[in-house]
Amino acid sequence: MQIYKDVIALVLAGHGLIHLMGFLAYFPITELPMMPYKTAVLGGRLELGKGGMRLYAVLWLLSMIGFIAAAIGMLAGWSYLAPFLLISAIISLVACALDWKNAYMGVVLDVVVILAMLVIFGLQAQPGAFQPYPGAAGAVATAPVPENLPAPVERYLRLIYGDEIPVYTSAVMSGRGSLRFMGVSMPARLRFTHDVGQGYRHYIETTIFGLPLLKVNERYLDGAGRMELPFGVVENDPGVNSAANQGLWAEMLMYPASVVNDPRARWEAVNDSTAKLFVPYQDGEQEFTLRFDPATGLLTQYETLRYRDEKLGKLRWWGDVIYGMDAAGKPVVREFEVTWEDEGTPWLKAKIEQMVFNPDVSEYIRQKGE
């Protein structure tokens with residue numbers, strides 16, 4: 001990634017230095033054969049006079065300063081680089097377009113820069129939230145905290161629920177965040193619908209300027225996964241099915257009573273801040289490692305080996321959990337971030353904005369879209 005930044009910075013600096021020629025030629029300070037002095041632009045159709053040409057030359061000077069500063073900013077990691085570069089490119093576009101015969105290549109580069117900046121600004125705009133889930137929440141029963149849980153698991157449950165934990169049969173989780181696709185991190189909004197312990201439907205929209213760009217319909221029902229992606233459909237693939245089952249149980253950890261209440265889930269103690277979770281899959285089990293903060297007792301991370309693609313097979317995959325407080329002052333999961341080992345940074349970041357428990361999802365989970 002750094003080499004790309006270096007190359008782009010070099011191009012911007014070079015473009016800026018070329019603008020110095022326009023300033024020197026049209027102020028005028030010196031004679032340049034490739035840019036002979038004149039008092040008219042647009043191929044001689046717009047007469048500016050000597051004073052006007054000096055003002056025009058200042059556009060070239062401002063562009064030079066802007067592009068060189070942008071090159072330095074790219075190397076230095078300035079956070080305000082994008083708007084600064086966009087303004088410089090617009091000024092440059094005006095200067096080069098007025099002298100099209102000599103500077104048409106500058107116009108091309110400026111258009112490329114402006115389009116790139118517009119994409120960057122578009123990818124910074126957050127989408128609106130989904131409409132609230134239309135179905136009504138169902139009644140939620142409670143049950144005692146199960147016995148013989150690993151110590152950090154029991155401590156965690158009592159911390160967030162108390163002595164009685166809710167019994168969930170379905171859940172709809174909606175929120176916004178970001179999703180990295182082909183190396184580009186894009187704003188996203190998402191809705192995950194769960195038939196607890198059995199299957200799910202994911203609907204995700206990535207956006208630009210807050211408008212849908214790519215849509216993902218994904219489901220894991222009746223033990224079979226189906227992913228409808230922008231570039232094709234993957235259905236009932238053994239690796240995808242395995243990864244989908246792990247995804248279901250990982251998402252259920254956002255409302256952990258659902259995992260603990262399932263009699264098929266199995267726990268093993270590791271130490272005071274770590275436990276193993278084994279969840280059912282086909283005729284066997286899949287393993288997660290759960291890590292808890294020794295000071296707060298909160299679950300901070302879950303990890304498993306998860307299938308990604310045919311080339312790489314299974315990789316270490318983990319999620320980090322971020323908390324807020326509910327109306328009663330108890331910790332509640334507000335955000336989660338998911339990372340593949342070979343990438344090192346989260347490819348999905350999600351902020352949970354609505355949770356609906358125990359609605360009837362029997363039809364909704366088999367639909368598409370919001």
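Any read-out appearing in this document is the output of simple, stated calculations on the displayed coordinates, not a laboratory observation. In this text the structure is predicted, and so the values were computed from the model without any measurement. Cβ: placed from backbone, ideal geometry, glycine included. Neighbour counts: every protein chain shown.
Remarks
- Given Lys276/Lys314; Lys311/Lys368; Lys330/Lys351; Lys311/Lys351; Lys276/Lys349, the pairs whose alpha carbons are separated by over 21 Å: Lys311/Lys368; Lys311/Lys351; Lys276/Lys349
- Tensor-based shape of segment 277-320 (alpha-carbon gyration tensor, a/c under 1.5 rounded, otherwise prolate or oblate): oblate
- Structural descriptor for the chain: relative contact order 14 percent, calculated from alpha carbon pairs under 8 angstrom and at least 6 residues apart.
- Each part gets one Cα centre, and for segment 305-364 versus segment 119-168 those centres are 11 Å apart.
- Placing dummy labels 7 Å off each Cα toward the beta-carbon, the span from Leu118 to Ala224 is 4.4 nm.
- Length-normalised contact order for segment 187-255 - Cα pairs under 8 Å, 6+ apart - percent: 23 percent
- Filtered trypsin sites (Lys or Arg not before Pro), segment 304-355: DSSP coil and at most 11 other beta carbons within 10 Å: Lys311
- Between the Cα long axis of helix 2-26 and the first principal axis of the chain there is an angle of about 20°, rounded to the nearest 10.
- On Cα atoms only, tilt of 81-98 relative to the major axis of the chain in degrees: 30 degrees
- Normalised by the number of residues in segment 255-305, the average gap of Cα pairs under 8 Å and 6 or more apart makes the relative contact order 23 percent.
- With R₀ set to 30 Å, the beta-carbon distance separating Ile65 from Phe181 gives a calculated FRET efficiency near 0.25.
- Gained length - Leu315 relative to Lys50, 0.36 nm times residue gap less alpha-carbon distance: 88.7 nm
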